[in-house]
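The values are calculated or read from the model by the stated rules, or taken from the named source; none is laboratory data. Quantities reported herein were computed from a predicted structural model and do not represent experimental measurements. Neighbour counts are summed over all protein chains in view; Cβ atoms, including those assigned to glycine, are modelled from backbone coordinates with ideal geometry. Just so you know, the surface numbers come from the protein's heavy atoms only, side chains and all, with ligands and any DNA or RNA stripped out. Shrake-Rupley method; radii C 1.70, N 1.55, O 1.52, S 1.80 Å.
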Amino acid sequence: MELILIGFMGSGKTTVSQLLGQKYHLPVLDLDAEIVAQTGQSIPEIFAAGGEAHFRAIEHQVLAQVIDQPGILATGGGTPLREDNRALLKASHVPVVHLRATAAETKRRIGHDQNRPLAAKLDQTGLAKLKAARHAAYQACADFTIETNQLTPLEVAQAIEARLSLTVQP
Ligand code: S3P
């Protein structure tokens, strides 16, 4: 990989990875989409079949498979929770960028998205607690964090470019 995006659900990982991938002609790999493609099941179906632990086991296997592929990787919101996943992200030796938004903004962006089983039943307070519980895991593997609250996805992409000093193409 050339770049890895991490962060809570709704932080913009997928959208921003696509913007950067288009601009720099890099393949974009979305870990959730890869899990769905490989299992033939939706994320809610995987959670329904075996709970979060089952999903995390699959997520780890797929991460280990794709980490050495070229391009930009958008991880799932819970990918950095496992220590072995954090080790894989770190060992890739590419910039790991943490996208972050407040709980209120996260709630506004994802609402009661039924495709996100862990968020579907949470109100803003629940989301804030889950985000806080994960903060250390994100910080442990991030090279830097972008606060996305006030930014459009394009502005987030530009903020990443500025931090990485990527060459801006016309
Ligand atoms: C999860 C986030 C989701 C998906 C799964 C679990 C999480 O990815 O991997 O529903 O634990 O935060 P997104 O961050 O792309 O929504």
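If I compute solvent accessible area with a 1.4 Å probe over the protein chains, what percent of it on the chain is carbon and sulfur?
54
What do you get for trypsin sites (Lys or Arg not before Pro) in the stretch 96-144 restricted to DSSP loop and a cutoff of at most 15 other Cβ within 10 Å of the site's Cβ?
Sites meeting the loop and neighbour criteria: Lys121.
Between Ala142, Ala132, Ala119, where does the largest GNM mean-square fluctuation fall for the chain, given springs only between Cα atoms within less than 10 Å?
Ala132
Please name whichever of Gln61, Ala104, Asn85 sits farthest to the positive end of the charge dipole of the chain, dipole taken about the Cα centre and charges placed at Cβ: Lys and Arg +1, Asp and Glu -1.
Toward the positive end, the furthest listed residue is Ala104.
Counting pairs of alpha carbon atoms under 8 Å apart in space and at least six apart in sequence, what relative contact order in percent does the chain give?
Relative contact order here is 33 percent.
Are any of the pairs Lys23/Lys131; Lys13/Lys107; Lys13/Lys90 more than 22 Å apart by Cα-Cα distance, and if so, which?
Violating the 22 Å Cα-Cα cut-off are Lys23/Lys131.
With a probe of 1.4 Å, find how much accessible area the chain has per residue, and write the answer as a whole number in Å².
Ligands and nucleic acids excluded, the result is 49 Å² per residue.
Semi-axes, largest first, in whole Å: what does sqrt of 5 times each Cα gyration tensor eigenvalue give for the chain?
Rounded to whole Å, the semi-axes are 24, 20, 15.
Figure the gain on full extension for Asn115 and Lys90 (residue separation times 0.36 nm, minus the Cα-Cα span) and round it to one decimal in nm.
Residue separation times 0.36 nm, minus the Cα-Cα distance, leaves 6.2 nm.
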